[in-house]
1. Is it the case, given these coordinates, that R62 is in contact with a Gly (Cβ under 7 Å, 6 or more places away or on another chain) and closer than 24 Å to P99 by Cα?
2. Quick one: how many residues across segment 133-142 are loosely packed, with under 15 Cβ neighbours inside 10 Å and within 18 Å of the chain's Cα centre (by Cα)?
3. Collect the residues in segment 22-44 that are in contact (Cβ under 8 Å) with a residue 60 or more places away in the chain and assigned to a strand (DSSP E or B), keeping them in residue-number order.
4. Looking at this structure, is E92 under 27 Å from H23 (Cβ atoms), free of Cβ contacts under 8 Å to residues at least 60 places away in the same chain and either among the basic types (K, R) or in contact with a Pro (Cβ under 8 Å, 6 or more places away or on another chain) (or both)?
5. Inspect all residues belonging to segment 58-70 and state whether any of them is closer than 23 Å to D29 by Cβ, at pLDDT below 95 and either out of contact with any helix residue (DSSP H, G or I) (no Cβ under 6 Å at 6 or more places or on another chain) or surrounded by 13 or more Cβ atoms within 10 Å (Cβ to Cβ) (or both).
6. Would you be able to tell me the number of residues in segment 72-125 that are among the aliphatic types (A, V, I, L, M), assigned to a strand (DSSP E or B) and surrounded by 10 or more Cβ atoms within 10 Å (Cβ to Cβ)?
7. I'd like the full set of residues that are without any contact (Cβ under 8 Å) to a residue 40 or more places away in the chain and hydroxyl-bearing (S, T, Y), limited to segment 46-84.
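The values are calculated or read from the model by the stated rules, or taken from the named source; none is laboratory data. Computed from a prediction, not measured in an experiment: that's the story for all the values here. A quick note on method: Cβ atoms are made from the backbone with ideal geometry, for glycine too, and the neighbour counts reach across all protein chains shown.
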Amino acid sequence: MRWKTSAAIVVLILLIWGLTGSHFYMGLDKESYHPGEEPVLTLRNTGILPIYFGQPYTLYRRENGTWVRVRQGFFFNSLLYDLLPFGSWKQEIALKYLPENESAGTVPTLYNLPPGEYRLVKEICGWPRGCVNGSVEFEILP
């Protein structure tokens, strides 16, 4: 009888933990980079249910205390990844931008991001909360 009570408590704890939303870790291999370096983004599913995401990410630069979107000038493949519980996934991040006076429709010239503070945002989806934006901040050194 005691084991049934213990099992019920464990199931209840796991159910509550699972229902509190997507559990994931998102981080970069370093906190600061030099121009031209390619950070490696790591996603880890720390929950008991799969999470889903694609290749796209958005970069923001801190300007005068607010986050301004960086014009990236490239496209991402439309792939959906599913990450099983306690699995991990890595992605190389291009620290490039497209100047305002150039068009992404032609063959664009992409430039290294200038020194400053940046934020990488990636949409992560999972049951039951739906989709949330995960973010990580980093710095580009002079």
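1. Details: in contact with a Gly (Cβ under 7 Å, 6 or more places away or on another chain): yes; closer than 24 Å to P99 by Cα: yes.
Against the criterion (in contact with a Gly (Cβ under 7 Å, 6 or more places away or on another chain) and closer than 24 Å to P99 by Cα), R62 qualifies.
2. 4
3. Result: F24, M26, G27, L28, S32, Y33, L41, L43.
4. Numbers: under 27 Å from H23 (Cβ atoms): yes; free of Cβ contacts under 8 Å to residues at least 60 places away in the same chain: yes; either among the basic types (K, R) or in contact with a Pro (Cβ under 8 Å, 6 or more places away or on another chain) (or both): yes.
Yes; evaluated as a whole, the condition is true for this residue.
5. Within segment 58-70, the first condition is being closer than 23 Å to D29 by Cβ, and the residues that meet it are 58-62, 67, 70.
Applying the additional criterion that residues be at pLDDT below 95 yields none.
No, segment 58-70 contains no residue that is closer than 23 Å to D29 by Cβ, at pLDDT below 95 and either out of contact with any helix residue (DSSP H, G or I) (no Cβ under 6 Å at 6 or more places or on another chain) or surrounded by 13 or more Cβ atoms within 10 Å (Cβ to Cβ) (or both).
6. 4
7. Those that are without any contact (Cβ under 8 Å) to a residue 40 or more places away in the chain and hydroxyl-bearing (S, T, Y): T66, S78, Y81.
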